[in-house]
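The values are calculated or read from the model by the stated rules, or taken from the named source; none is laboratory data. As the structure is a prediction and not an experimental result, all values here were calculated from the model. Because the Cβ atoms are built from the backbone with ideal geometry, glycine has one as well, and the counts that use them run over all protein chains shown. Only protein heavy atoms, including side chains, enter the accessible area calculation; ligands, DNA and RNA are left aside. Shrake-Rupley method; radii C 1.70, N 1.55, O 1.52, S 1.80 Å.
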Amino acid sequence: MDLGIAGKTAIVCAASKGLGKATAVSLAKNGVNLVINARSKDALEATAAEIRNTTGVTVTAIAADVTTDAGREALLKACANPDILINNAGGPPPGDFRDWGREHWLAAVEANMLTPILLTKAVIDGMIARKFGRVVNITSGAVKAPIDVLGLSNGARSGLTGFIAGLARNPQIAAANVTVNNVLPGAFDTDRLRGVIANQAKKTGKSPEALFAERVKTIPAGRAGRPDEYGELCAFVCS
């Protein structure tokens, strides 16, 4: 299927692994040139090389922490006018809310709510002027079905979800062929899911394998999703 996005340019955040990488790969397979970002330079450069070699698109890697002003500035300097923006960030750690102080909440809101909003703010007017734009936020199904140990993520991502739902209804944006969406993944077999399960294993005394099997039983499809499936969905949303 031709998604009609070949030759476009996308910023993809947190793209060195997991759902961010899968989304970058799917966009590249559809002919989209990439500016990818993550904090770990080595992992990011390896991902960039892999995508270049397998798809032939142009891939620029910007290692930076986009939760900071300097990180966002570096990313936008490399690509001030993307056609597509994929906002993504690793989720806050799981735990008991009694153990979290103000600093934990501020860090979660900075990474999983404010950073996507600020990046969207930086590029949306250019998209409106060019009469094309796609903003996709990789968030979490937990905003609809909260998970008890993911309180930081539940809270911060729910704030982003509410903001984006309002922004998507802005008539100035919609009339300019600019779409703004959240794509809410459930249980995908990523380092993030494995990490949450490993944390639960330490607290319960059960093995990670047993807990993973228990989690899979709760999924209607009978398995965790594959990152490439999610990436293909995000690419379709950008069509």
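Per-residue ellipticity at 222 nm, computed for the chain from helices alone with -39500 (n - 2.57) per DSSP H run of at least four residues, works out to -15500 deg cm²/dmol. Basic side chains Lys and Arg get +1 at the Cβ, acidic Asp and Glu get -1 at the Cβ, and with that the dipole of the range 1-122 about its Cα centre reaches some 200 debye.
When the accessible area of the range 103-145 is split by element with a 1.4 Å probe, what percent falls to carbon and sulfur? Display every interim value, and only then the final one.
Values: 1210 of 1870 Å².
So the carbon and sulfur contribution to the accessible surface is 65 percent.
Compared with the dominant Cα axis of the chain, that is its longest principal axis, helix 69-78 is turned about 40°. Compactness ratio for the range 121-202: Cα radius of gyration over 2.2 N^0.38 Å (N = residue count) comes to 1.36.
Note: the range 97-239, Cα convex hull, 120 Å³ per residue.
At 1.4 Å probe size, with every protein chain present, just tell me what the per residue accessible area of the range 41-169 comes to in Å². Before the final figure, lay out each step's value.
Working: 6160 Å² over 129 residues.
Per residue, the range 41-169 has 48 Å² of solvent-accessible surface.
In plain terms, the bigger the Kirkwood radius, the slower the diffusion; for the range 74-162, with that radius from Cα pairs, at 37 °C and 0.692 mPa s, Stokes-Einstein puts D at 233 µm²/s. Give the cross-link partners of Lys217 among the lysines, using a straight C-alpha distance below 26 Å as the criterion and excluding same-chain residues fewer than 8 apart. Counting by Cα, and skipping residues close in sequence, Lys217 has these lysines nearby: Lys17, Lys144, Lys202, Lys203, Lys206. When peptides 177-187, 198-208, 60-70 are ranked by their average number of other Cβ atoms within 10 Å per residue, the highest-first order is 177-187, 60-70, 198-208.
Spatial offset of the range 163-199 relative to the range 53-120 amounts to 13 Å, using the alpha carbon center of each.
Straight-line cross-link reach from Lys121 at under 19 Å between alpha-carbon atoms covers these lysines, not counting any fewer than eight positions away in the same chain: Lys77, Lys131.
Only Cα sites of the range 12-51 enter the Debye sum here, all with the same form factor; the resulting log10 I(q)/I(0) across q = 0.28, 0.34 1/Å is -0.90, -1.27, listed in q order. With q set to 0.18 Å⁻¹, the log10 of I(q)/I(0) for the range 44-84, from the Debye formula over equal scatterers at the Cα positions, is -0.58. Mind checking the angle between helix 191-204 and the chain's longest principal axis? C-alpha axes, 0 to 90 degrees, to the nearest 10. Roughly 10 degrees, rounded to the nearest 10. Coupling constants for the range 11-24 follow from the phi torsions by the Karplus curve (6.51 cos²θ - 1.76 cosθ + 1.60, θ = phi - 60°), and in residue order they are 8, 10, 8, 6, 9, 6, 7, x, 5, x, 4, 4, 5, 4 Hz; glycine and proline get x.
Computed from Cα positions, the angle between helix 41-55 and the longest principal axis of the chain comes to roughly 60 degrees. Panel values: the range 1-129, Kirkwood radius from alpha carbon pairs, Stokes-Einstein at 10 °C and 1.306 mPa s, translational diffusion coefficient 104 µm²/s.
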